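Visitor: First, the structure itself, so that you have it in front of you.
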Amino acid sequence: MSAMTPKMIESINDQIRAELESAYIYLSMSAYLEDQGLKGMAHWMRKQAGEEMEHAEKFMNYLYERGARVVLEAIAKPATDFDGPAGVFKEALKHEQYVSGRIYKMMDLALTEKDHMTASMLKWFIDEQVEEESSADEIVKKLEFLGGSNASVYLLDKELGQR
Ligand code: MG
């Protein structure tokens with residue numbers, strides 16, 4: 001097993017920061033939804049935050065396995081106000097598209113460096129991003145379809161509380 005390049009290690013460490021930042025953003029969205037009385041949606045977002053923390057841990061464990069150093073960096077203060085539940089899920093979708101772009105760039109780097117172990121590990125994250133984007137997109141489409149009436153938001157809140 002050959003050593004990873006410093007550039008690759010740095011990019012994974014920065015992704016650990018980005019995953020933890022994602023968790024923080026989703027927790028902030030969850031807090032906003034709780035405040036709006038949308039407990040089901042808040043629950044969904046809290047689960048999402050938990051998944052992001054698992055992603056961070058997965059990257060951390062990968063660095064440990066490769067004998068590389070994990071370095072945690074500062075995460076930014078998340079937004080606290082959103083444009084209703086539709087605004088929340090639209091931002092979540094945009095954020096997941098941004099995360100996918102980051103992972104593509106990491107894959108490009110792994111391939112350039114012929115680091116096939118890292119490329120193989122990243123493949124899992126690319127597959128995961130398909131799911132992340134599609135689940136957020138589905139909720140955005142539902143909210144658009146329902147037109148944001150109180151009754152429809154109430155029903156969707158119940159549905160998302162099942163996650
Ligand atoms: Mg993630």
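Derivation of every value follows stated rules applied to the coordinates shown; laboratory data play no part. Remember, it's a predicted structure, so these values are computed and weren't measured experimentally. We place every Cβ from the backbone using ideal geometry, glycine too, and count neighbours over all the protein chains shown.
Visitor: Could you work out how much longer the chain between residue 73 and residue 111 gets when fully extended? Use 0.36 nm per residue separation minus the Cα distance between them, nm to one decimal.
Guide: So the extension gain works out to 11.1 nm.
Visitor: Let's test the formula: R0 of 25 Å, r as the Cβ-Cβ distance of residue 65 and residue 134. What FRET efficiency results, to the nearest 0.05?
Guide: The computed FRET efficiency comes out at 0.25.
Visitor: Taking the Cα atoms only, what angle lies between the long axis of helix 39-65 and the longest principal axis of the chain, rounded to 10 degrees?
Guide: 0
Visitor: Quick one: angle between helix 6-35 and the longest Cα principal axis of the chain, in degrees between 0 and 90, rounded to 10, please.
Guide: 10
Visitor: Past the 24 Å Cα-Cα mark, which pairs from 39/90; 90/158; 47/105; 39/94; 7/123?
Guide: 47/105
Visitor: If you don't mind, there's one more thing I want to ask. If you put +1 on each Lys and Arg Cβ and -1 on each Asp and Glu Cβ, how big is the dipole of the chain around its Cα centre, in Debye rounded to 20?
Guide: Using only the charged Cβ atoms, the result is roughly 160 debye.
Visitor: Could you grab the relative contact order for the stretch 6-160? Cα pairs under 8 Å, six or more apart, rounded to a whole percent.
Guide: Relative contact order for the stretch 6-160 comes out at 29 percent.
Visitor: Go through 146, 36, 79 and say which Cα lies farthest out towards the positive end of the charge dipole of the stretch 6-160; charges sit on Cβ, +1 for Lys and Arg, -1 for Asp and Glu.
Guide: 79
Visitor: Another one. Can you pull the Kirkwood radius for the stretch 66-111, inverse mean 1/r over Cα pairs, to one decimal in Å?
Guide: Computed over Cα pairs of the stretch 66-111, the Kirkwood hydrodynamic radius comes out at 13.5 Å.
Visitor: What per residue convex hull volume, in Å³, comes out for the chain when only alpha-carbon positions are used?
Guide: So the per-residue hull volume is 98 Å³.
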